[in-house]
Amino acid sequence: MSTFPAAEAARRRTFAIISHPDAGKTTLTENLLLAGGAIRAAGAVRARGENRRTRSDWMKIERERGISVSASVMTFDHDGLMFNLLDTPGHEDFSEDTYRTLTAADAAVMVLDAAKGIEPQTLKLFEVCRLRDIPIVTFINKMDREAQDPIELLDEIASKLALDPAPLFWPAGSGGRFKGMLDLRTQQFLPYAKRSADNQDEGHPQPVAFKGNAVVSYLDPDEQGELEEGAMLIQEASKPFDPQAFLEGHMTPVFFGSALRHFGVDELLAGLGAYAPPPKAVAASKTGEGTHIAPGDPEVTGFVFKVQANMDPNHRDRIAFLRLCSGKFQRGMKLKVQNTGRQLSVNAPIMFFASDRELAEEAFAGDVIGIPNHGVLRVGDSLSETGLLRFAGLPNFAPEILQRVRVKDPLKAKHLKKALEGLAEEGVTQLFRPQIGSDFIVGAVGQLQFEVMADRLANEYQLEVLFEASPFAEARWLTGTAAEIEDFSNKHKTAMATDIDDQPVFLAKSAWEIGYVAERYEKVGFERTKERG
Ligand code: G4P
């Protein structure tokens, strides 16, 4: 097989699954891995999850609340293609983390519960994809349960997301009357058979020609007529699937199925292989000049979109997830961090295959490798052989909740500082150090992040902490010339802080206050997001 970077990148499909909690993301992930030959039995993802969860106590929160807060990557080779599935955290408190993960994805699968359609979290995640122009494939799940009228589901996609739905299949009934679906491209009918617990491996009957004689074994004449009419109607009412419109983010191909019953999942995977884009050129800057990095460029480049600590309790190191953008990465090679100039030898890069972690001997654009390190790598870092390339940073968002944090045992104050810095480097929470006073202020997008944080501080750092209300409600990064910022800071000492990168931050009691000071200091920018890297 060719190992030219361009050819290898062209067979990568790096995607994420987005959904509202309970729509079936975990079940679909598992069944995609099954379809891709990465795992052999259903239940493995969950079992693997359980295993992983027992490793660190803070993840009890995940288990107790039935949510998934830690993202990971699963890689599998199938049908000549290399799929990288990025797992995004589902809970809304973790939207920032999700946002960052989506920066590393080239496409997204949007899972809808057929009975519920577009739910609030689907909408939020969709907006993130749209911001980043990520093409979206729709999977309407749980067809084995009573579903909404599929035409209404498509209408909802069109009206709520302003996206043209292009169904590639059309379902015959739902729930107890779900009989299968018609492939609108080939006119083949895919029969559905309910699989019971003891015939898991039998699969579904083979597709048959819709116009042929064999279909009568699966559909009675009424059902056949209904399906034919429905398919005709929808094809008249919707635009035909246009791969270009999909890649540009105007259209979504729609698949139907039941992740739980492994129906429609093979078709979804084939669709991803056929239509989801390989990695494309990425905007970057090189010593200040704008440029584009193509996947086939010889220099190895990439950016860190996530850092996770303590994945393995035996090793206290952190794993930085590096999304490669170009070149042929080889184990042992040296990469430089653009903003710090530090060089690191990547001797033990990890690829995350579904069943196991393996050392990555080589990797290409689109792949994600895990780099164990001791805090050298941060979210948003750009890595390359020359160390000169910088990808547009991953933003930090202004936190929505700010709290003061104290450690119960005052002798451990120094320890707390290190622990808080560690968590901030991972991007779990943001850390602000006020210019006046010794307390730290931590910021998060949602309340749950504080609970995760308290749990991790207790279990990983043996620190009992208290969160207290802080006088501040908003944080803004200051931009402008050094003199302007200094002038502003001197006049607002009690509201000034620095973040983990020593950037100046204005802490305000209300959004109104920000508007008020912004009017008086027109030359200073009060930014809601900060590009890192
Ligand atoms: P999430 O990751 O998006 O939160 O959803 P998850 O896959 O955990 O699925 C949520 C619930 O929906 C699970 O049931 C799961 O079995 C069920 N489910 C997922 N896909 C389908 C489908 O295609 N058909 C049907 N009928 N159900 C589906 P649960 O009872 O909450 O969990 P469990 O006890 O079955 O694990």
- Task: Only loop residues by DSSP count here, and only those with at most 11 other Cβ atoms within 10 Å; note down the trypsin sites (Lys or Arg not before Pro) in the range 391-486 that meet that.
- Result: LYS408
- Message: Under a crude label model (7 Å from the Cα following the beta-carbon direction), how far is GLN462 from ALA270 in nanometres?
- Response: 5.8
- Note on the structure: With the charge dipole of the chain built from beta-carbon charges (+1 for Lys and Arg, -1 for Asp and Glu) about the Cα centre, the Cα from ALA214, ALA348, GLY117 projecting farthest to the positive end belongs to ALA348
- Task: Give me the angle, in degrees from 0 to 90, between the Cα long axis of helix 120-131 and the longest principal axis of the Cα atoms of the chain, rounded to the nearest 10.
- Result: 80
- Say each of THR494 and LEU344 gets a label point 7 Å from the Cα, pointing the same way as Cα to Cβ; how far apart are those two points in nm? 4.2
- Task: Report, in degrees rounded to the nearest 10, the 0 to 90 angle that the Cα long axis of helix 511-520 makes with the longest principal axis of the chain.
- Result: 60
- Give the value in nm², to one decimal: projected area of the alpha carbon convex hull of the chain, averaged over all directions. 26.3
- Query: Looking at the range 94-193, what % of the alpha carbon pairs are farther apart than 16 Å?
  - Reply: 60
- Task: Just round it to a whole percent: the fraction of Cα-Cα distances in the range 396-532 exceeding 17 Å.
- Result: 57
- Item | Fewest-first sequence of THR386, THR14 by Cβ atoms within 10 Å of each Cβ | THR386, THR14
- Above-threshold pairs, the threshold being 29 Å between Cα atoms, out of LYS124/LYS493; LYS116/LYS239; LYS25/LYS509; LYS286/LYS328; LYS124/LYS418: LYS124/LYS493; LYS25/LYS509; LYS124/LYS418
- Out of every Cα pair in the range 282-392, what percent are spaced more than 19 Å from each other? 38
- Message: With 10 angstrom as the radius, rank LEU322, LEU227, LEU123 by how many other C-beta atoms surround their C-beta, starting from the fewest.
- Response: LEU123, LEU227, LEU322
- Those chymotrypsin sites (Phe, Trp or Tyr not before Pro) from the range 373-445 that are DSSP loop and have at most 12 other Cβ neighbours within 10 Å turn out to be none
- With the contact rule set at Cα under 8 Å and sequence spacing of 6 or more, what percent relative contact order holds for the chain? 14
- The helix 447-461 Cα axis meets the longest alpha-carbon principal axis of the chain at an angle in degrees, between 0 and 90 and rounded to 10, of 70
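We did not get these values from a lab; they are worked out from the coordinates using the rules stated. All values reported here derive from a predicted model rather than from experimental measurement. Cβ atoms come from the backbone with ideal geometry, glycine included; neighbour counts cover every protein chain shown.
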